[in-house]
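The structure appears below as structure tokens.
The values are calculated or read from the model by the stated rules, or taken from the named source; none is laboratory data. On a predicted model such as this, the values are computed, not experimentally measured, just so you know. FYI the Cβ positions are ideal-geometry reconstructions off the backbone, even for glycines, and counts take in every protein chain you see. Quick note on the areas: whole protein, heavy atoms, side chains included, nothing else; ligands and nucleic acids left out. Shrake-Rupley method; radii C 1.70, N 1.55, O 1.52, S 1.80 Å.
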Amino acid sequence: GKLGRYPPWPGKIVNPPKDLKKPRGKKCFFVKFFGTEDHAWIKVEQLKPYHAHKEEMIKINKGKRFQQAVDAVEEFLRKTKGKDQASSHNSNEEKNRRNSSEERGKQSAGEEKRKASLSEGKVKKGTGEGRKRGSSVSSERGSKSPLKRAQDQSPRKRGRPPKDEKDLTIPESSTVKRVMTGTVAGFKWPPGVSEPVKDSDPHFHHFLLSQTEKPAVCYQAITKKLKVCEEETGSTSIQAADSTAVNGSITPTDKKIGFLGLGLMGSGIVSNLLKMGHTVTVWNRTAEKCDLFIQEGARLGRTPAEVVSTCDITFACVSDPKAAKDLVLGPSGVLQGIRPGKCYVDMSTVDADTVTELAQVIVSRGGRFLEAPVSGNQQLSNDGMLVILAAGDRGLYEDCSSCFQAMGKTSFFLGEVGNAAKMMLIVNMVQGSFMATIAEGLTLAQVTGQSQQTLLDILNQGQLASIFLDQKCQNILQGNFKPDFYLKYIQKDLRLAIALGDSVNHPTPMAAAANEVYKRAKALDQSDNDMSAVYRAYIH
């Protein structure tokens, strides 16, 4: 699989270190992955018996690393079998020698060990290939997520073996015997967990937002069964019940797809649409950016109007409200290609007024409109791990299902046009403010004689630990500000979020303060660097 869609991987259940707390929620086991020194908490429904799924795994995975893992499993099985035979032989000799009921009572039944191949083993490719992301949390973490790494839940370093490497002793039962002989599945699907869904990406979750009579909001799934947990407050939280398919493949829609805008986000999205078998026509303001995708099988559109007129569903992902309006209303723009039945999906992060205006002009020509801004960055876009916030035409949202599965891990439908824009601005407001706070803390540590690396180590052991925190601090410590999310765009989102607060007379003092720091960074020529370059606004 490509980066972000992790293949099945063999592992064994072991005892966790004594100081490692078990995650709350679903039943899970601590698993060591063969061929690596990685460990993770894995939910029971994500485990499959090794023998029953061995051939299936080998067909999917061709890499050298995986073959080494399989060899390690087979070697382990040979050793285990040898020990079991020796144990059985010794046991018989002991019985003949001591024919005592008391001694017989002390004989061990021979500990059985359970093998499991992980249907969604999160073994991260990239550095070291073997670092995985544990899947011990709910919805977002429920499967393919930028899931929490094992270190997020434990003070021990990634890759360090647990203190107690003994295999988990499982009471002898017919289930365990079947696993050891490799004939039948070693466990049953837990109640409420859906069986594999045909032609559906097991890692992807859809959520629909519907207003209920309760003051709370309820999310309902379209393609996945969901465990909905009623809380004491009367609000509704949600956990995704993982639906595990054999290889995580999806069936691409037969509709012709258009895509306008090949920036940091759009490039990764188009690449994933093509990889998943979609027919895609691309256009970009600077045409040379299209060349790479033409080589990958995309078609070239000469103008936005031409792309819309020749495709069934056209997506767009551009920088800001002005660019979004120009793309639709400008010469040879989207609107000129709209006819009854044509579909337009705007993935740009803009304000609610802009997206509402665009929806009105598209619908006035008989078109169908969906806003679908995405939460993520260039890396997540490349990995097909974006979070999609959609609103508008519900039927169009469902028609985009295979596209959203190709580009993202989770999709939310939030109701009427404008809701997704507001939610996206709030999400980025929080992210942008947090980034400024990180930079402020690192610079304050420096000027007061404290180690910045030690500050990061301390934060990574606390409740703020996250992939975002770690990556952005590493950027700063290494002086590497290659853009993963342009600084100028997070400042734009802060500005729009502040305006959103103004429109309803709601105070946003934290965002306003952060916005001033980003404006200072822009004045220092940091616009086209990563948002973490806001650090430079604090350097005297």
Q: Take the stretch 492-540 and flag every residue that is acidic (D, E) and either in contact (Cβ under 8 Å) with a residue 12 or more places away in the chain or within 13 Å of S433 (Cα to Cα) (or both).
A: D493, E516, D528, D530
Q: Go through L327, L358, L380 for me and flag whichever is open to solvent by 30 Å² or more (accessible area, probe 1.4 Å), assigned by the TED database to the domain that holds M276 and either in a helix (DSSP H, G or I) or in contact (Cβ under 8 Å) with a residue 40 or more places away in the chain (or both).
A: L380
Q) Considering the stretch 254-281 alone, what residues qualify as being farther than 21 Å from Y489 by Cβ and surrounded by 19 or more Cβ atoms within 10 Å (Cβ to Cβ)? A) I257, G258, L273, L274, M276, H278, V280, T281
Q | Residue match in the stretch 425-439 (condition: closer than 30 Å to R520 by Cα and touching a strand residue (DSSP E or B) at 6+ places or on another chain (Cβ under 7 Å)) | A | yes
Q: Might you let me know whether the stretch 298-313 holds any residue that is part of a strand (DSSP E or B), under 23 Å from F204 (Cβ atoms) and without any contact (Cβ under 8 Å) to a residue 60 or more places away in the chain?
A: no
Q) Within the bounds of the stretch 401-424, is there any residue that is touching a residue at least 40 places away in the same chain (Cβ under 8 Å), open to solvent by less than 10 Å² (accessible area, probe 1.4 Å), over 19 Å from F204 (Cβ atoms) and not in a helix (DSSP H, G or I)? A) yes
Q) Pick from the stretch 336-355 the residues that are within 34 Å of the chain's Cα centre (by Cα) and surrounded by fewer than 16 Cβ atoms within 10 Å (Cβ to Cβ): which of them is nearest to R302 (Cα to Cα)? A) G341
